[in-house]
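Everything on this sheet refers to the single structure shown next.
The values are calculated or read from the model by the stated rules, or taken from the named source; none is laboratory data. The structure presented is a predicted model; accordingly, all values stated were derived computationally and were not measured. Note that we place each Cβ from the backbone using ideal geometry, even for glycine, and neighbour counts take in every protein chain shown. Surface accessibility is based on the protein's heavy atoms, side chains included, excluding ligands, DNA and RNA. Shrake-Rupley method; radii C 1.70, N 1.55, O 1.52, S 1.80 Å.
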Amino acid sequence: MKKSMIIFLMMIFAVSCGSGDNSSKDAAQIPEDVQAIVADYNLEELSDEDKKYKINLGYYNCDHMTAACVGEDTGIYKALGLNVTVTGNGNVPEAMSAGQMDMAYAGFATTLNAVKNKVPLFIAAENHTGGAEYFVVSKDIQKPEDLLNKRISMGANPETQNLNWAEWSEQLNIPRDITYYENFSMSDSDAYFAFKLGQLDGYGACDPWGSMAEYEDTGKVLKRQNTDREIDGHGTCCKVCMNYNFAKAHPKLAERILLAHAMSIEYMYLHPYKAAQIFAENYNVPLEVGLMTLWKKLNEEGRTITWKLNRDYVHNQMKTMRRLGVRDDINSLDIDDYIDLSYFDNCGARDFDEFIKEEVDPIFPLGMSYKEWRAKAVEVDNIKEEPKV
């Protein structure tokens, strides 16, 4: 580890964690794999005001948002001198509107809805370009039309509010009109448990609830989201959003927490087994489901978790929403008015494509089977697993 970085980390912990033995103890608790990532960056010391400021960060309990809990549980936030309070599954845009949330991992439509309602919100970085959202059905559904009059969970008014439903119903050649079904509005986790108990015949959800159905063999995936669309071009999904009031008052903190976002994603690619352990603990699912979930996001579907924002993808997503008449209240917004990458561009994050080419492709090349990927993840982090009985 670079000598200058060791000194920098010692300074951070002297301020953020107090002095004496407690400071040394906290510094020692930062794992070596995190220290190795941080050591690649030449970081300036934060001001006393920024060191004291408590950043409120929110995310939804969806696999697309995993970087938030990785940043917290690995110690990346601490290693960067950040004082962060992380809230999972909160009302992120509402909290930001009330000035209670500084940064959030949020869905694309959710973000646009917030800015339409004058929330001081902007897209600050990429997070997820799409995939791993599922239409899960019971095993006795043999063909799509078997779903007619069945119990499904697609949320309120999915014909105009749920892009997945609009696309899936079109692709499966079943009615988009939700009155042809008995529809419910539930959280992803509640929908899965209702499905498992036989109270639903199908539901739409992101992971881990698609992988849970596969892992527990309770159902099958009828359709999976694909944002690489033939008609409109590649779309996108969830984003990292930031409160302008926070960013303008604390520009260096805004840059540093965005760098933490990039580092957390680096960690997921370089240490996927450990990241899966964090995911499983925070999402209350078996470790194997965490591993299955990260394999899909980091390899099977491509490199869909990323910090590199593609504006064409964003515009294509809006185009798809307009074409299908989904969220007509927001799909005409000029999306460029709500994207500001200046803080991210100044944060010092590595080029994503170079990072993947240099550090990830040689170890986890695209196209690995789950078994191959899992074995390599065990090897990389020298995991000692208990033998299966």
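For Met10, the requirement of being at pLDDT below 85, in a helix (DSSP H, G or I), hydrophobic (A, V, I, L, M, F, W, C) and surrounded by fewer than 17 Cβ atoms within 10 Å (Cβ to Cβ) is met.
When Val92, Val34 are checked against the criterion of being closer than 30 Å to Glu301 by Cα, at pLDDT below 85, open to solvent by less than 20 Å² (accessible area, probe 1.4 Å) and among the aliphatic types (A, V, I, L, M), Val92 stands alone in meeting it. Whenever a residue of the range 110-123 is assigned to a helix (DSSP H, G or I), its partners that are surrounded by fewer than 21 Cβ atoms within 10 Å (Cβ to Cβ) and acidic (Asp, Glu), lying with C-beta atoms within less than 7 angstrom and at least six residues away or across chains, give the pairs Lys116/Asp329. The single residue among Val240, Val285, Val289 that is out of contact with any Lys or Arg (no Cβ under 8 Å at 6 or more places or on another chain), open to solvent by 10 Å² or more (accessible area, probe 1.4 Å), hydrophobic (A, V, I, L, M, F, W, C) and in contact (Cβ under 8 Å) with a residue 60 or more places away in the chain turns out to be Val285.
Going by the conditions given, is Thr306 of a type in the set (Val, Ile, Thr), open to solvent by less than 50 Å² (accessible area, probe 1.4 Å), in contact with a strand residue (DSSP E or B) (Cβ under 7 Å, 6 or more places away or on another chain) and within 19 Å of Phe122 (Cα to Cα)?
Details: of a type in the set (Val, Ile, Thr): yes; open to solvent by less than 50 Å² (accessible area, probe 1.4 Å): yes; in contact with a strand residue (DSSP E or B) (Cβ under 7 Å, 6 or more places away or on another chain): yes; within 19 Å of Phe122 (Cα to Cα): yes.
Yes: the conditions hold for Thr306.
In a residue-by-residue description of the range 340-347, the property of being assigned to a loop (DSSP other than H, G, I, E, B), at pLDDT 95 or above, within 22 Å of the chain's Cα centre (by Cα) and at positive phi applies to no position. Annotation note: Cβ proximity below 8 Å between a residue of the range 344-371 that is in contact (Cβ under 8 Å) with a residue 12 or more places away in the chain and a residue that is surrounded by 14 or more Cβ atoms within 10 Å (Cβ to Cβ) and of a type in the set (Val, Ile, Thr) (sequence gap 6+ or interchain) occurs for Phe352/Thr306; Ile363/Val380. The requirement of being over 16 Å from Asp146 (Cα atoms), out of contact with any His (no Cβ under 9 Å at 6 or more places or on another chain), open to solvent by less than 20 Å² (accessible area, probe 1.4 Å) and assigned to a helix (DSSP H, G or I) is not satisfied by Ala205. Which members of the range 138-189 meet the condition of being open to solvent by 50 Å² or more (accessible area, probe 1.4 Å), in contact with a strand residue (DSSP E or B) (Cβ under 8 Å, 6 or more places away or on another chain) and charged (D, E, K, R)? If the condition is that a residue be open to solvent by 50 Å² or more (accessible area, probe 1.4 Å), in contact with a strand residue (DSSP E or B) (Cβ under 8 Å, 6 or more places away or on another chain) and charged (D, E, K, R), then Lys139, Lys150, Arg151, Glu182 are the ones that fit.
Remark: pairs (first residue in the range 294-321, under 28 Å from Pro272 (Cα atoms) and among the basic types (Lys, Arg); second residue open to solvent by less than 50 Å² (accessible area, probe 1.4 Å) and assigned to a helix (DSSP H, G or I); Cβ separation under 7 Å; 6+ apart in sequence or on different chains) = Lys297/Asp63; Arg303/Ile356; Lys308/Phe352.
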